[in-house]
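The values are calculated or read from the model by the stated rules, or taken from the named source; none is laboratory data. These numbers come from a predicted model, not from an experiment. Backbone-built Cβ (ideal geometry, glycine too); neighbour counts: all protein chains shown. All accessible areas refer to the heavy atoms of the entire protein, side chains included, with ligands and DNA or RNA removed. Shrake-Rupley method; radii C 1.70, N 1.55, O 1.52, S 1.80 Å.
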Amino acid sequence: MVQAPAIELIGIDKKFGPVHANKNINLTVAKGSIHGIIGENGAGKSTLMSILYGFYQADSGEIKISGTPTHIKDSQAAISAGIGMVHQHFMLVDNFTVLENVILGAEGGMLMAKGTAAARLSLKQLETDYGLDVDPDAVVEELPVGRQQRVEILKALYRGADILILDEPTGVLTPAEADHLFRILGVLRDQGKTVILITHKLREIMAITDTVSVMRRGEIVATRRTNNTTVEELAELMVGRRVLLQVDKQPASPRDVLLSVRNLTVMDSRGVIMVDNVSFEVRAGEILGIAGVAGNGQSELLEAIAGIRKPVSGDIFIEGKRVTGYDPAHLRKLGLGHIPEDRHHMGLVLPFEESLNSILGYHRDSRYGKGVFLDPKAIRQGAEADIAKYDIRPPNPRLKTANFSGGNQQKIVVAREIERDPKLLIIGQPTRGVDIGAIEFIHRRIIETRDAGKALLLVSVELDEIRALSDRILVMFAGKVVGEKTADADEQTLGLMMAGIAA
Amino acid sequence: MSTASIPLPNWITYGLLPLINLLLAFLISGLVVWIIGENPWEALVLMLQGALGRGEGIGFTLYYATNFIFTGLSVAVAYHAGLFNIGSEGQAYVGGLGAALVALALDHYCPWYVTMPFAIIGAALFGAAWALIPAWLQAKRGSHVVITTIMFNFIGSALMVYLLVHVLIVPGKMAPETRMFLEGGQLPKLDWLMALFGLKLGPAPFNVSFLIALVMCALVWVLIWRTKLGYEMRTLGISRTAASYAGISYVKIVMITMLISGGLAGMMALNVVMGSSQRLQVEFVGGAGFVGIAVSLMGRSHPLGIIVAGILFGILYQGGAELSFDMPNITRDMIVVIQGLVILFAGALEFMFRPALVRLYQKLS
Amino acid sequence: ADIKPALVYGTGGKFDKSFNEAAFHGAEKFEKETGIKFRDFEPTSDTQGEQAIRNFASKGFSPVVAVSFAWSSAMEKVAGEFPDTKFVIVDSVVDKPNVRSVVFKEEEGSYLVGLLAGMASKSGKVSFVGGMDIPLIRKFECGYEQGARAANPKIEVLQNMVGTTGAAWNDPVRGGELAKNQIDQGSDVIYAAAGASGMGVLQTAADSKKFSIGVDSNQNHLHPGSVLTSMVKRVDLAVYNAYSDAKNGKFTPGLQTLGVKDDGVAAAMDDNNKALITPEMKAAVEKAKAEMIAGTLKVHDYMSDNSCPK
Amino acid sequence: MENFDMFVSILGSTIRLSIPLIFTALAGLFSERAGIFDIGLEGKMLAGAFAAACVAYLTGSAWAGLAGGIAVSIAFSLIHGFASITNRGNQIISGVALNFVAAGLTAVLGQAWFNQGGRTPQLPFDARFTPITLPGVEFMRNVPILGPLYTDVISGNNALTYLAFAAVPLSWWVLYRTRFGLRLRAVGENPGAVDTAGISVAWLRYRAVIVAGFLCGFSGAYLAIAQSAAFIRDMSAGKGYIALAALIFAKWKPVPVLFACLLFGFLDAMSNFMQGKSVPGIGEVPVQIFQALPYVLTCILLAGFIGVANAPKAGGVPYVKER
Ligand SMILES: Nc1ncnc2c1ncn2[C@@H]1O[C@H](COP(=O)(O)OP(=O)(O)OP(=O)(O)O)[C@@H](O)[C@H]1O
Ligand SMILES: Nc1ncnc2c1ncn2[C@@H]1O[C@H](COP(=O)(O)OP(=O)(O)OP(=O)(O)O)[C@@H](O)[C@H]1O
Ligand SMILES: [Mg+2]
Ligand SMILES: [Mg+2]
């Protein structure tokens, strides 16, 4: 007799308002296997898993666990069906101890005393079984992210999960930590547990999974046995056509130094040093790329240069002028453009109409009104020019920005920053969550800007993007610049540097 | 499927929805009236007659409306910058001190039109001053402005009582109030304006402050939608991170916004102190600062909406006073109930009917 | 002639069982006797009085009686606006040709209850809880002190005020708390001249098995056995007289002062406090009254020089 | 010895004035630790006081009055919950609204039903919570120092006073030692964590606001049928806001809440005691100083000059799963 699959999803459908996040999904995962799900940002991976975990309710469809149709009405139901999930954004109570977090929802009675004692024992057991060691009395917010993730896994295992879902677990991990995680996943599989691993890193999929499904725009477009497929095939399936992230560009002809950063040290809001004594220069007519795993200080570096975050020490010069501690408005006047990493929270004011977003940061400019006043007509005309030039759709400057798609929202930001003709442009994650057509368009504009003699600093966690655009590449790890390479450096070397392993 | 993000046309969001909320508030108030054994319909008619029946009633209605427009603007300006100023009550109270000091100083020497500009400045300055510390605490120390403005309402009240009882009281008089202002410290009534419509104002204290309030509405509109400062306030009100990205100083905008808000609240004192009672009295604000919250919510923080909502509450206050005259069983406190219900339905429960309306709208269109 | 009488209360509210209630009873008595209905209004804040007075005047009511000093500025204004309307103010003086001002010699009535307090006290300490801290209330206190001292020269008189604004008339919790403090300090007779706040004083005295003294209305029935007496101030009489004078065309503006001689103030004696008042106490009160009427006993009026002789 | 008597008297007064603050601040504690801000404490206390007085008057029983106060206060809580949990409305606006509704409704109904200017009729002795004399008072009376403290401060209070003091450790125990408390604290910090643990965020928050209503019922009852013998309009007189201030001052922790409330009660007692007395070197201190001091202190605390007061992280933010 064939063993029933651990999970069967049949015809799962889910809409968030106008967004069709999951379209008629069918998926089968065998017991005792590691199943990968890949897909671009916004493809619907998290949504699908959250439905399986009972966090969201599907609009229609059926779920079978070990062959039994199961109605998962909330996470409690999922937990009792043996499902555990480690969310993309951790679901931990920061000011609780590890122990409190682990027993939350599984306290084993009205009073905590008995539950905590039992949990303490069982954590010991899990530590010896899987090598998952965490101090049960540590307060979560004081733990590094890698440890926090372990707490999440422990939470699931403590509840006796047979099926473990991990949503982009390696996004925040160093390669060493990721390897450790994969070893643990291997142990889990060997003990008969089923693992679903969500990621958009193809290498990870190839390294650890047994089977893999590809999601695109809310649909599962293919499922393969991992050893029957290749990275190239998966990539093509993921984006729906052959990926050619090669951008035509001439070799750079760098001129004067425009941006110079010297011994810069920056802390994040918790007071942790995120940028540690970093120095570099960017010249007119070149793109300097900064590669690194997310969370290694790139965001803080960009924010410091943009004037949003005050550095602890060190200096920033623009055209030889010391600008350390200047506010963003002042820096803009000196010719600094900034395409921020997070368009929803920084680059745009979503409830504003489009035209108002096309002046964000430049609103004090006399072009948009004399003295203290704003001139709506001038603003709208400027916005219309951007819309035409960047093919922003729909071409309506009065439409609420929230009603544009992600790609078009990003174009609004890019248009604003490039068209205000900066001398120096700093760019964070220019194509995150953007569709392939828009990616190409944005990449072309970035190269054109370089060719117009501007200095560009580009931060991206997508190594391919860095390699395609940059003239020189710096690699950041743990807040430090660990090395510089040229654009033709091979992926292997860069990957190792990003892991902090070799120079 | 969630319906929260589906856009509705403006006439529903700004017209129909507030109307439904208002109707519901009235319906429940009617129920209360019925429970205490009076006829809600009769009560409504009496109220409307009292508020709009004669020139005098209209005069009182507009007099109250003037208060509420000032405090409504005060709440609204702060709201645009994402600040919830619950302190308009206290700011208006302290603003009264500014107006009174100017009136007491100048009424011997100047006619009203000379006193008035100074009084406006005095009232606004004192009101703004009372918003200063909560603003600073919010901007620099991150203390929630809601809590600190509540605290400052109480501190302001204690301060004003102290001043009125120990400093400003007329020696030998018992009531804690200043002396009556002379003509030069009194704002003239708008008899002529009423006469244009063929109405007699009678003794109602409807005065020049109303015109000042309308001017402030226009200025606030320009400020919010036509100036760079207003743009910065609105940006900050929606997204603090976007504001910091755009080089908008959080500290500066919070301070300026709260000062403007406090100043507008302070100006409300002109209407009562110089326009009506001609002296500074204990508790003269009488809750108008809190009504401003309801007015701003009903008026969706837009000056036009605030004028409409202000007049509506003026009708409630004047009509309510008349009603309690004619139906002694229904005390003036009924207005407070209605006010609370309006805030509840138009503010806290604003999303209650939205999903149903969205469905209906989608079906019909 | 038929009149349209109106009455505006102080902020303590119509049923404060004290000052305002006395006014109400006067109006009610007039209504019962003549069948002429009166209209009344209870302002709840210091600013509402003016609108109420004006409202009555503009609707043709006359005489309009406003009880409480708090309405003096308001009446001064409105009386000027309606020169044909008759106004009466109680507890304050408004100098207008159409206003009658009625004030009482509270010092005399307070002297009488002070005398009783001094005689009833076993601890040698008596006390006073005033409403709002104004000269008028100090006048009550001063008369009380003089009476108590007449009974017992060594007596100690404690005093507290509930507050400094109109809200002080309506805060029985604080009234009770102040009374409790005074009891803790040894007082065994407490005189409350605090409007509705006095209710808390009387309650606390009853709970603590001490004596209290009511004010304005006869409050002896509230806690029989604990309320020693009440300093009745005939606000009812002022209201009643205003209406009936107006009805009979005998209304006169100007100042009226009501004292012991006019039966305007007195120490209430009834069945409720019969057991508490000894014959000696009764005799002492009668003697003092007789001396006041004869003019041989002059009780110092605090408001005449804003001070109280020690 | 004079001074000692004074001290005992102030202490007794402090306790009497602190009790409503303790109940109310604890109510706020449960609500706010669960992530629901509660500006409406004042209104709940007032509504509870009114209901307690009405029911006690009609039934002649203090305990029935207490139950009535609790029921009405919980009803107000449920409206707050409906607005801020179910409809994801603005919690501050909802609280403000309920304060108005309570202030207005109690006065309107009180006037309509009893015709005494918004007051309820005076309650007879049995319909109130009256002082309880603890055993051993007679014996203790003559013991120096401890005697007066026992007889005049500890003994002779009403049942609700003792319940208030019991409520503090009980609240601590519930918050830190029970499953409900663990979940409640979690939901105020990160409702997502509670939701993914399979616990209903809405129901948990509803229970928290119900507990808040329950406790406000006690403070209302204390005002109307223990401390006084009737309901008077606006009798809460800002105590709800003082309690809120005390809650913030205590940094949202149960035991510090007790001390913050005692401190603010002490200030209130001092404003009574210092009236008309002059302080050597300073002269007469205006009562307004004492009235304003709790608010001033809280602002100073909020400014971060006396440690930092970190509000529960998810406080004031409606929990939205699907945007
Ligand atoms: N709670 C929500 N409310 C509304 N829309 C949502 C919600 N969660 C996700 N979406 C939308 O649903 C779509 C799918 O999102 P989902 O998070 O499942 O993508 P994903 O594949 O996990 O992307 P990523 O790789 O960025 O994590 C997106 O368009 C997203 O904006
Ligand atoms: N918050 C929102 N409010 C209203 N409409 C929205 C909202 N978010 C998305 N939409 C609408 O839903 C559609 C899909 O949005 P989404 O961000 O998933 O775009 P997308 O399909 O990924 O586009 P792109 O490939 O350009 O990123 C958009 O066209 C947009 O109009
Ligand atoms: Mg995801
Ligand atoms: Mg997209």
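Results, tabulated for the structure shown:
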read-out: Carbon + sulfur, % of accessible area of chain A - ligands and nucleic acids excluded, 1.4 Å; value: 51 percent
read-out: C-alpha long axis of helix C:197-207 to longest principal axis of chain C, angle in °; value: 30 degrees
read-out: Positive-end extreme of charge dipole, the protein assembly as shown - chosen from A:96, A:388, A:211 (charges on Cβ); value: A:388
read-out: Cα shape, the range C:4-111, gyration tensor, a/c 1.5 rule; value: rounded
read-out: Amide hydrogen neighbours beyond the local backbone of residue C:68, cut-off 5 Å, H modeled; value: C:90
read-out: For the range B:69-87 versus the range A:1-34, the gap between their alpha-carbon centres in whole angstrom; value: 50 Å
read-out: With Cα atoms, 0 to 90° folded angle of helix D:2-33 axis to chain D main axis; value: 10 degrees
read-out: Efficiency of FRET from Cβ geometry, residue D:78 and residue B:183, R₀ 51 Å, rounded to 0.05; value: 0.40
read-out: Integer Hz, Karplus 6.51/-1.76/1.60 couplings in order for the range B:123-133, x for Gly and Pro; value: 4, 5, 5, 5, x, 5, 4, 6, 8, 4, 5
read-out: Relative contact order of the range C:158-277, defined on C-alpha pairs under 8 angstrom at six or more residues apart (%); value: 19 percent
read-out: Protection proxy ranking of D:76-82, A:127-133 - average other beta-carbon atoms within 10 Å, highest first; value: D:76-82, A:127-133
read-out: Per-residue ³J(HN,Hα) for the range C:12-18, Karplus 6.51 cos²θ - 1.76 cosθ + 1.60, θ = phi - 60°, Hz, x for Gly and Pro; value: x, x, 3, 9, 7, 6, 9
read-out: Chain B: C-alpha gyration tensor shape, a/c 1.5 cut-off, then a/b vs b/c; value: oblate
read-out: Estimated FRET transfer efficiency (residue B:140, residue C:93; beta-carbon r; R0 45 Å; 0.05); value: 0.25
read-out: Accessible area in the full protein assembly, largest first, 1.4 Å probe, for B:307, B:253; value: B:307, B:253
read-out: Residue C:262 paired with residue A:139, simple spin-label distance in nm, labels 7 Å along Cα-to-beta-carbon; value: 7.3 nm
read-out: Selected from B:291, B:272, B:114 as most flexible by GNM, with chain B as the system and alpha-carbon contacts under 10 Å; value: B:114
read-out: Relative contact order, percent, the range B:67-299 [alpha-carbon distance under 8 Å, six or more residues apart]; value: 43 percent
read-out: Carbon and sulfur %, accessible surface of chain D computed with the full protein complex present, 1.4 Å; value: 68 percent
read-out: Amide H partners (placed H, <5 Å) of residue C:193, local residues excluded; value: C:129, C:130, C:131
read-out: Cα centroid separation - the range D:112-168 against the range C:97-169, whole Å; value: 29 Å
read-out: Spacing of the two label points (7 Å from each Cα toward its C-beta) at residue B:23 and residue C:304, in nm; value: 7.0 nm
read-out: Minimum 40 Å² accessible area buried by the other protein chains, the range C:198-217 residues, probe 1.4 Å, relative to alone; value: C:199, C:203, C:207
read-out: Sequence-distant residues sharing a close amide H with residue D:129 (under 5 Å, placed H); value: D:226
read-out: Neighbourhood net charge (15 Å Cβ-Cβ; Lys/Arg +1, Asp/Glu -1) for residue B:113; value: -1
read-out: Highest-fluctuation residue, D:117, D:104, D:68 considered, GNM on chain D with Cα pairs under 10 Å; value: D:117
read-out: Solvent-accessible area per residue for the protein assembly as shown (1.4 angstrom probe, square angstrom); value: 37 Å²
read-out: Mean separation of Cα contacts under 8 Å, 6 or more apart, over the residue count of the range A:7-239: relative contact order %; value: 29 percent
read-out: Helix-only [θ]222 nm of chain C, DSSP H runs n ≥ 4, -39500 (n - 2.57) each, per residue, nearest 500; value: -13000 deg cm²/dmol
read-out: Per-residue SASA entry for residue C:289, accessible area with 1.4 Å probe, Å² rounded to 10; value: 60 Å²
read-out: Stretch gain in nm, segment residue A:388-residue A:480, where the contour uses 0.36 nm per residue and the Cα spacing is subtracted; value: 29.0 nm
read-out: Distance from the range A:422-475 to the range A:118-169 (C-alpha centre basis), Å; value: 39 Å
read-out: Accessible-area value, residue D:113, 1.4 Å probe, nucleic acids and ligands omitted, Å²; value: 130 Å²
read-out: Two-site FRET efficiency, residue A:263 against residue A:488, from Cβ-Cβ distance with R₀ of 30 Å, rounded to 0.05; value: 0.55
read-out: Length released on extending from residue A:423 to residue A:89, taking residue separation times 0.36 nm less the Cα-Cα span; value: 116.6 nm
read-out: Degrees, to the nearest 10: A:145-158 long Cα axis against longest axis of chain A; value: 20 degrees
read-out: Loss of accessible area when B meets A, both sides summed, Å² nearest 100, probe 1.4 Å; value: 2300 Å²
read-out: Quotient of C-alpha Rg and 2.2 N^0.38 Å, computed over the protein assembly as shown; value: 1.05
read-out: Accessible area buried at the B-C interface, both sides summed, 1.4 Å probe (Å², nearest 100); value: 2400 Å²
read-out: Pairs beyond 19 Å (Cα-Cα), from C:86/C:250; B:200/C:4; A:45/A:155; D:251/D:313; B:173/C:96; A:400/B:252; value: B:200/C:4; A:45/A:155; A:400/B:252
read-out: Spin-label pair residue A:60/residue A:462, simplified geometry with 7 Å Cα→Cβ offset, distance in nm; value: 3.4 nm
read-out: Size of charge dipole - the protein assembly as shown - debye, nearest 20, with Cβ of Lys, Arg +1 and Asp, Glu -1, no other charges; value: 1160 debye
